1. Within the set of pairs 6+ apart or on separate chains, which have a first residue in the range 122-133 that is at pLDDT below 95, a second that is of a type outside the set (A, V, I, L, M) and within 11 Å of the ligand (Cβ to nearest atom), and C-beta atoms under 6 Å apart?
2. Could you please find all residues in the range 161-183 being exposed (fewer than 11 other Cβ atoms within 10 Å of the Cβ) and either more than 26 Å from K222 (Cβ to Cβ) or modelled with pLDDT of 95 or more (or both)?
3. Can you find even one residue in the range 102-111 that is more than 20 Å from the chain's Cα centre (by Cα) and of a type outside the set (K, R)?
4. What's the total number of residues in the range 91-103 that are among the hydrophobic types (A, V, I, L, M, F, W, C) and either more than 16 Å from the ligand (Cβ to nearest atom) or at positive phi (or both)?
5. May I ask you to list the residues in the range 110-144 that are in a strand (DSSP E or B) and within 8 Å of the ligand (Cβ to nearest atom)?
6. If a residue counts only when it is over 20 Å from R118 (Cα atoms), which helices (runs of 4 or more DSSP H) contained entirely in the range 1-100 have at least 1 such residues?
7. Here is a list of conditions, (1) more than 10 Å from the ligand (Cβ to nearest atom); (2) in contact with a Ser or Thr (Cβ under 6 Å, 6 or more places away or on another chain), and G88 meets all of them except one; can you say which number that is?
8. Determine, yes or no, whether S147 is within 30 Å of I36 (Cβ to Cβ), among the small types (G, A, S) and assigned to a helix (DSSP H, G or I).
Amino acid sequence: MRIDILTLFPNMFNGVFEESIIKRAIENKKVEINIIDFRKYTTDPHNKVDDEPFGGGAGMVLMCQPIFDAVKDLKTKDSKVILLTPSGIPYKQKMAFDLSKEKHLIIICGHYEGFDDRISTIVDLEVSIGDYVLTGGEVPAMAITDSIVRLLPGVIREESFIEDSFSKESYILDYPSYTHPREYEGLKVPEVLLNGDHKKIDEWRRNEAIKRTKERRPDLLK
Ligand code: 6GU
């Protein structure tokens, strides 16, 4: 898979894909990630990429031209174009699964107060990562890229993600985990996990996961 990320702040990505699982996925050629400063596509003599909104109002709006030209330059018949905006549809694990099947993603990081709505005509998907406002699409691009790359074949062991608490079917929070020591500052590991009865352990984990989900995310159980 190839992922092209269009941003005005390429330095924000310094280091993020250079550690751990994503780094290894890049080294093993499971994914190629390009960070592209889309200001280079502007035809404006002063390198402008944004302008004041028609009708007035606060802030600046990303103009069509640099984004249209960048997408024209990068797009192939296999590309999916994603625009990151707090006004997008909610990003979910299901979308990560679907996008992990694609060959080429072009991810556009919005910034400032918004973008010229005509940009919507050249994107396949407008996505938000949650109900809060960030300064731009860069952090969402990192989150989305991370969630997709870990699902690519050969990046992590498959068992690790078929049991993900948000995988396609289950939609329930993860059960609590413990490791050594058995007792720490008076806090004990639940007895059931220590005696090797895997039927009991599975049952306990399932119950704890449901209990947690009821408390923290009752919306997932509906
Ligand atoms: Cl995709 N962009 C911005 N600026 N804020 C967000 C977001 C995206 N998703 C949640 N908040």
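1. Close Cβ pairs (under 6 Å, with a partner that is of a type outside the set (A, V, I, L, M) and within 11 Å of the ligand (Cβ to nearest atom)) amount to V133/P86.
2. Of everything in the range 161-183, those that are exposed (fewer than 11 other Cβ atoms within 10 Å of the Cβ) and either more than 26 Å from K222 (Cβ to Cβ) or modelled with pLDDT of 95 or more (or both) turn out to be S177, T179, H180, P181, E183.
3. no
4. 1
5. Matches in the range 110-144: H111, V127, S128, G136.
6. 20-27, 93-99
7. So G88 meets the others, but not (1).
8. Yes: the conditions hold for S147.
The values are calculated or read from the model by the stated rules, or taken from the named source; none is laboratory data. Note that the coordinates shown come from a computational prediction; the quantities given were computed from them, not determined experimentally. All Cβ positions, even for glycine, are placed from backbone atoms using ideal geometry, and neighbour counts span all protein chains on display.
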